[in-house]
Amino acid sequence: MALIVIYAAGMAMLFAPFLGELLIPVYCYMAVLAMMCIIATQRKSTNNFVIYGALLFLASDSVLACNMFVSPMAGQDYVVMFTYYGAQFFILYGFLKYKYSKSA
């Protein structure tokens, strides 16, 4: 949990000089994204797939933000799509695995 807060604070400091009037909306989104990851780490489950998905989603949005606010990166489209779809898969798989393991 502390690592997620440290990561979000580091990203906030990295982006701050580039945000201008988007500072408050971007910081609000970063706070929501960090809370999503923290909540994912606090769920009571026998599998960690939802956590992996939340962290991949954080990575995907981090790459998008770096590309948009700091500096364009070569191949970022591939990285974003890989991490985004990976995040969706792990979140869904973890949820379904948890749901169906409880009903068995």
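This table checks each residue for (1) within 21 Å of CYS28 (Cβ to Cβ); (2) charged (D, E, K, R).
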{"site": "LYS44", "(1), (2)": "no, yes"}
{"site": "ASN47", "(1), (2)": "no, no"}
{"site": "ALA54", "(1), (2)": "yes, no"}
{"site": "LEU64", "(1), (2)": "yes, no"}
{"site": "ASN67", "(1), (2)": "yes, no"}
{"site": "VAL79", "(1), (2)": "no, no"}
{"site": "ILE91", "(1), (2)": "no, no"}
{"site": "PHE95", "(1), (2)": "no, no"}
{"site": "SER101", "(1), (2)": "no, no"}
**Report entry** Among the candidates LEU64, LEU33, LEU55, residue that is farther than 21 Å from ALA2 by Cβ and touching a helix residue (DSSP H, G or I) at 6+ places or on another chain (Cβ under 8 Å)
**Finding:** LEU64
Query raised in the report: Does the stretch 38-94 hold any residues that are within 25 Å of GLY20 (Cβ to Cβ) and hydroxyl-bearing (Ser, Thr, Tyr), and which are they?
Result: SER60, SER62, SER71
Report summary line: Exactly one of VAL32, VAL70, VAL80, VAL26 is within 16 Å of the chain's Cα centre (by Cα) and exposed (fewer than 15 other Cβ atoms within 10 Å of the Cβ), and that one is VAL32
Query raised in the report: From LYS102, LYS97, which residue is basic (Lys, Arg) and in contact (Cβ under 8 Å) with a residue 24 or more places away in the chain?
Result: LYS97
Report task. With the condition kept exactly as written, say whether any residue in the stretch 47-59 is without any contact (Cβ under 8 Å) to a residue 12 or more places away in the chain and part of a loop (DSSP other than H, G, I, E, B). Result -> no
Report task. Return yes when PHE18 is more than 27 Å from LYS99 (Cα to Cα), out of contact with any Gly (no Cβ under 7 Å at 6 or more places or on another chain) and not acidic (Asp, Glu) and no when it is not. Result -> yes
Query raised in the report: Of the numbered conditions (1) small (Gly, Ala, Ser); (2) crowded, with 18+ Cβ neighbours inside 10 Å; (3) at pLDDT 95 or above, ALA65 satisfies every one except a single condition; which is it?
Result: (3)
Query raised in the report: LEU23: without any contact (Cβ under 8 Å) to a residue 24 or more places away in the chain and either in a helix (DSSP H, G or I) or among the hydroxyl-bearing types (Ser, Thr, Tyr) (or both), yes or no?
Result: yes
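The values are calculated or read from the model by the stated rules, or taken from the named source; none is laboratory data. On a predicted model such as this, the values are computed, not experimentally measured, just so you know. Quick reminder, even Gly has a Cβ in these numbers, built from the backbone with ideal geometry, and neighbours come from all protein chains shown.
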